[in-house]
1. Inside region 75-114, can you point out the residues that are of a type outside the set (A, V, I, L, M, F, W, C), assigned to a strand (DSSP E or B) and under 22 Å from the mean Cα position of the chain (by Cα)?
2. Of everything in region 240-252 that's modelled with pLDDT of 95 or more and within 16 Å of the ligand (Cβ to nearest atom), which residue is farthest from the chain's Cα centre (by Cα)?
3. Scan region 34-57 and report the pairs whose first residue is farther than 21 Å from GLU87 by Cα and near the ligand (Cβ under 9 Å from one of its atoms) and whose second residue is assigned to a strand (DSSP E or B) and not β-branched (Val, Ile, Thr), with Cβ atoms within less than 7 Å and a gap of 6+ or a chain change.
4. Is it the case that ALA145 is in contact with a Lys or Arg (Cβ under 7 Å, 6 or more places away or on another chain) and outside any helix (DSSP H, G or I)?
5. Go through ALA138, ALA163 for me and flag whichever is within 16 Å of the ligand (Cβ to nearest atom), surrounded by 21 or more Cβ atoms within 10 Å (Cβ to Cβ) and free of Cβ contacts under 8 Å to residues at least 40 places away in the same chain.
6. Look through GLU72, GLU36, GLU49, GLU4 and report the one residue that is of a type in the set (D, E, K, R) and in a loop (DSSP other than H, G, I, E, B).
7. Which ones in region 189-223 are part of a strand (DSSP E or B), within 13 Å of the ligand (Cβ to nearest atom) and over 20 Å from LEU55 (Cα atoms)?
Amino acid sequence: MSTEAICWINNKIIPLKDATISVMDHGLLYGDGVFEGIRFYNNKAFLLEAHIKRLNASAKALALKLPKSINELTALVTALVNAYQNESGYIRLIVTRGKGPLGINPALCQEPELIIIASPLSMSDEQAQTEGIRTITASTRRIPADCLDPRIKSLNYLNAILAKIEANNAGVQEAIMLNQQGYVTEGSVDNIFIVSDGELYTTPSIDGSLAGITRQQILKLANESGIKTHIETLAVYDIYAADECFLTGTGAELIPVNEVDGRKYANCPGDIFKQLKALYKESCYN
Ligand SMILES: Cc1ncc(COP(=O)(O)O)c(C=O)c1O
């Protein structure tokens, strides 16, 4: 069965390889736009309502008018999932400011561009799941919320890319980013959790992280199964001293961390990680 990626663009579904946008699109020229990464399992987009809600909120924060209503976007994503040949995969939903003259002024852009891609899942790294990944704390600090709110899921990822370059140069898989006060925010493209004395901790968005939808789902599943959860400011010390650490995101789901700045976790993947991963996988198919 072909798993060739497909794309909804200009009111039709075409093979992704044939999809193009203008070189004058401000998404390309200035990173002016918003997006969502969504997984589908068993032909159903997972937590779709939450993703569309966050897209809408990101667009509102950027004064970017979505070219379709929330109901229409939901229907389009659902139609693309149905048109795709695999029952599981990944959706990338993108709204750019659209074409405009050179110069950043969004007011001069004609119409926002809507692009929805359905593509195969990149295979999750089995070794990462069984052994965990190595991480560092990056020297690149998260852009402060009063400069660019981290809750806006925009097309500009340069801040995270700088941290990822640090991880690459250090020969580890992921970088944990701190805010300007030195408190923990998140990974370059994932939220962070730690486990201490059997309780689960993650950082508040206001400290500098995306309001992750996987993170929200993990908190819900943990609460339902009686694991005490905390959303609170974390210092690097808390990460070092924790019993377990893991990252979450739509694409990667849950990834255990086995090392931060050379400090290794004795239990990786830890018991709480394993419990939450099983619950999460189950929830993806319900
Ligand atoms: C910066 C950042 N943090 C966290 C996440 C995880 O968010 P979600 O669970 O909604 O995919 C992402 C996902 O792309 C991200 O880009």
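The values are calculated or read from the model by the stated rules, or taken from the named source; none is laboratory data. The model shown is predicted, which means the values in this text are computed figures rather than measured ones. We place every Cβ from the backbone using ideal geometry, glycine too, and count neighbours over all the protein chains shown.
1. Answer for region 75-114, where residues must be of a type outside the set (A, V, I, L, M, F, W, C), assigned to a strand (DSSP E or B) and under 22 Å from the mean Cα position of the chain (by Cα): GLY89, TYR90, ARG92, THR96, GLU113.
2. My answer is CYS245.
3. PHE35/ARG92; PHE35/LEU93; ARG54/GLU36
4. No, not satisfied.
5. Sole residue among the options that is within 16 Å of the ligand (Cβ to nearest atom), surrounded by 21 or more Cβ atoms within 10 Å (Cβ to Cβ) and free of Cβ contacts under 8 Å to residues at least 40 places away in the same chain: ALA163.
6. GLU4
7. The answer is ILE192, PHE193, THR202.
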